[in-house]
Structures are given as C-alpha cells and as structure tokens.
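See structure below.
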Amino acid sequence: MQEAWVQSETTERRFAGTTLQVVFKLVERCNINCSYCYYFNMGDKTPFDRPVKATLETVEAMADWITQGCQELGFRRVLIAFHGGEPMLVKPREFEQICETFRQRIEPQVPMGLTIQTNGTVLTDEWLALFHEYGVHVGLSIDGDHTANDRFRLDHQGRSTFLQVENNLKRFLAWADAGNGRGVSTISVMDHRNDYAEVYHYLRSLGVRQMSFLLPDRNRDDGFSEPDESSERYGERLAELFQAWLEEDDKSIFVRQISEVLQHLQVREDNDVEGDPSAGGRREGFQVVVMHSDGSVSVNDSFLPALDWYSRTPRYSIHQHSLREFLDDPIFEDIERIQASAADECLSCEWRGICRGGDIENRYSAKNGFDNPSIYCKGYHRYYGHIRDTLVHNGYPDELMKAKIARSQKEFPNRHSPPSARSRGAGPGRS
C-alpha cells in the first residue's frame, strides 16, 4: 500500500501542469488502404478485434475518465485528437453528440481542445458547420501532388484518391481562411523519389500554411527496400524542403520539421500547431495516451514500428482502471528513460542535442532494443549540416552557431539509460 501511494504521488508530480493528449480511435476502419499505414499494414491485427466505431456509452465513460484523471493528476488541459482509421466515417450527427458530450462533461472542469486527423475523402457542409461549432483544428493527410500522393494513398480497389482529397483540401482551406475552426494543417509521409521543393510549392499553391512531413515508419531491422533509398537520401529530401521554405522567405509559413531544428538555434520562435498527434512521441509538456473504440487505452501507437516490443506493452480499460492507475504503469517511466537517453554511438555526435537520438521506434532492433542510433541517423546529419551551412553562408555568425550546437549537446542526454531499461531483449516495458 505504501509503495502504491508513493508511486501515485510521483505520477501526480510528473503530470501536473502539462497537457493530456488523447488520441481517440473513434473509427477503427478506413475507407482507403495506404500501403505504408502504420495502423493497418505493419502487422498489428488488434484493430480488427475491436468495434468498428466507439459507442456513445463508451464516449460518455471516456469523458468522465478523462475529467477525473485530469483533476486527480493536475493536467492543465486536455487535447482530444479524433483519429482512426478514418474518424469521418461516423455520421455527422454522431460526431455532434460526441463533441457535445465532451463539451458538457470535460470542458466545465478542464480546458479542452479538439482536433481531427482525416484522409480528406469525406467532406460536406454539415461537417464544416460542426468543426466551426466545436472549434476543431483539422489535419489532412496528403503526400503531395498527384504523382506523390498516388504512390501509396489508394483506395481498397487500388484507385486514386487524389482529386477527391485535393478538392476537399481546397474547401477546408477556404473555410479556414474565412475564420472558421482552428485552422487546417497537412501531414505528408515522405518518399525518397519525390522532389520536396516541388511538394512544398504544390502545397503552398493551394494555400497551405501549416505543414508536417514524416519520415516513413521503420525500425533498424527493416532497412531500406528500394535500390536508391537510403538514410542519406531522406536527408537530401529534407534539405530540399528547407531550401524551398527559406527561399520563399515567409516566416509565417510553419513547417514542423524545420521549426523543430531552428528552435535549437534560436533563429525563429516556435509556432507549434496544436493537435498534430502524428508528430510522434511525447512532445515537451504533453503526455499522449491512445483510446480505442472499445474503451481500452494504450501507449502512443506511433511506436508501432517496434512491433514485437509494442505488442507487449500493457493495455488497460477505462471501465476497470483510472487514468492515474494507467499512468502509474512502469512502461511510462521506461519510455521517458529511453527518450531521455541516446545510444553509445550518439554520445560523441555534434547533432545529438537536436536529434535527441531520433524517434525511439526508428532506433529499435530485435538484438539491441532501443540502444541504437536512428535508422535515419545519416540523413539527419546531412539535413542539419545543410541548415547550418546555409545559415552561416547567409550571415549567421559561425561562432554563435558553434556555441548553440555545443549547448544543445550538453542538454542531451541528461543521463544515460541504465542497462536494466534496455536489457529485456525487446526494450522497455513489461510483457
């Protein structure tokens, strides 16, 4: 009893004043079949064991669970991200009931924000009215122009989704420009064959002002499957993206993967876009939990590329356990310890303070667990080096640049993960 009380007190101190981000798998099926999809095409079959969509009864229980947990642990706000699958496969009337339930049960007790991540294939005026009414930030997935998008984002019959998504994105942007909702951002999964100056200019031609670009989901054991695909190639593609953004010379355009680097060099302020659960991991001041359609909860499913580890992480139920009990699980301290550490090979790297070892799922291998550099390590070197050299060439003081990089090195890692956290074969957590 004494040990449990001490653990709960520690949990309360860890989360007081931070944001709880709930990635809500409202619908656990999708109307398209992206071949790179981490949720359906990486070997995890558990979504098919759960209901297609959450019931209103589950939503009500979830709202009470969140409210009680936030009050007990002192979270300063809750951010609910509707996810899937494809969350817009529910009827608008159902979505309205869900949002109203959250508004009535959560918002009087804890400040709340709502976001939705959609594949952009479903949109009506009724949906737009609901997003306006409930102040929903919209994230839309599109990989670029017709060629880029159709490499992977096809429907279940192998047909293109591009024109439908592009038209709906234009509608979303016009709606947002009229002052509705909380804005619209895009998420694009990168591919080594795309030119990212072209992708950037395409998205800007539509009017997109908030973007995020994700490296493909893979762990150290996956390697690279295409002959000309490599970590360095992705670094070159990120450099193309940076160059296109820099040449436009409009600091109001937000690209997450650029902002995250420049923050460390303090050459522009962070302009974080609220509600981007696909960014991965636990951002500073955020604790991510994933809520499924059956009321079960799990750790962040962006860790799915480390599947043989992820499949053994604990599952809880909102009907049997409180948020406090869930966050008391040792898995969360294990994950934080891994994120706060770096592989031995990284400790001498000049970029470790910016890279922070890379996303932990990209560090995983069956042999060493998370004690590896990211599979994208060489690409990060190329990308960060390009930013450094470009800024110095354009007048950023070389000595100041060296000082900023050196300071970031000292800040990370602040400790080396003890062997016990990485000596379980498949990494941290419990089976």
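Brief remarks follow.
- Selected residue [closer than 30 Å to ASP44 by Cβ and modelled with pLDDT under 95] from PRO216, PRO227: PRO227
- Check on LEU163, in a helix (DSSP H, G or I), surrounded by fewer than 16 Cβ atoms within 10 Å (Cβ to Cβ) and either of a type outside the set (S, T, N, Q) or at pLDDT 95 or above (or both): yes
- Unique match (being of a type in the set (Lys, Arg) and either within 19 Å of GLY181 (Cβ to Cβ) or not assigned by TED's automatic domain parsing to the domain that holds TYR36 (or both)) among ARG77, ARG105: ARG77
- Among the residues listed as ARG218, ARG182, the single one being touching a His at 6+ places or on another chain (Cβ under 9 Å), in a loop (DSSP other than H, G, I, E, B) and in contact (Cβ under 8 Å) with a residue 60 or more places away in the chain: ARG182
- The set of residues from segment 367-415 being among the hydrophobic types (A, V, I, L, M, F, W, C), closer than 20 Å to GLU229 by Cβ and part of a helix (DSSP H, G or I) comprises just one member, CYS377.
- Candidates PHE131, PHE48 - the one that is surrounded by 21 or more Cβ atoms within 10 Å (Cβ to Cβ) and in the same structural domain as GLY183 (by TED's automatic domain parsing): PHE131
- Filter result for ASN149 (farther than 23 Å from PRO216 by Cβ, without any contact (Cβ under 8 Å) to a residue 24 or more places away in the chain and polar (S, T, N, Q)): no
- Helices (runs of 4 or more DSSP H) wholly inside segment 307-360 that include at least 1 residues being small (Gly, Ala, Ser): 352-355
- Among the numbered conditions (1) touching a residue at least 40 places away in the same chain (Cβ under 8 Å); (2) closer than 21 Å to SER322 by Cβ; (3) out of contact with any Pro (no Cβ under 8 Å at 6 or more places or on another chain), the only one that THR121 does not meet is (2).
- Yes/no for LEU20 being within 29 Å of GLU166 (Cβ to Cβ), modelled with pLDDT of 95 or more and not in a helix (DSSP H, G or I): no
- Qualifying residue in segment 89-97 (condition: surrounded by 18 or more Cβ atoms within 10 Å (Cβ to Cβ), in the same structural domain as GLY207 (by TED's automatic domain parsing) and part of a loop (DSSP other than H, G, I, E, B)): yes
- Only one of PRO373, PRO330, PRO413 that is modelled with pLDDT of 95 or more and outside the structural domain of ASP191 (by TED's automatic domain parsing): PRO373
The values are calculated or read from the model by the stated rules, or taken from the named source; none is laboratory data. Source: prediction; values computed, not measured. When we count neighbours, we look across all protein chains shown, and the Cβ atoms used for this are built from the backbone with ideal geometry, even at glycine.
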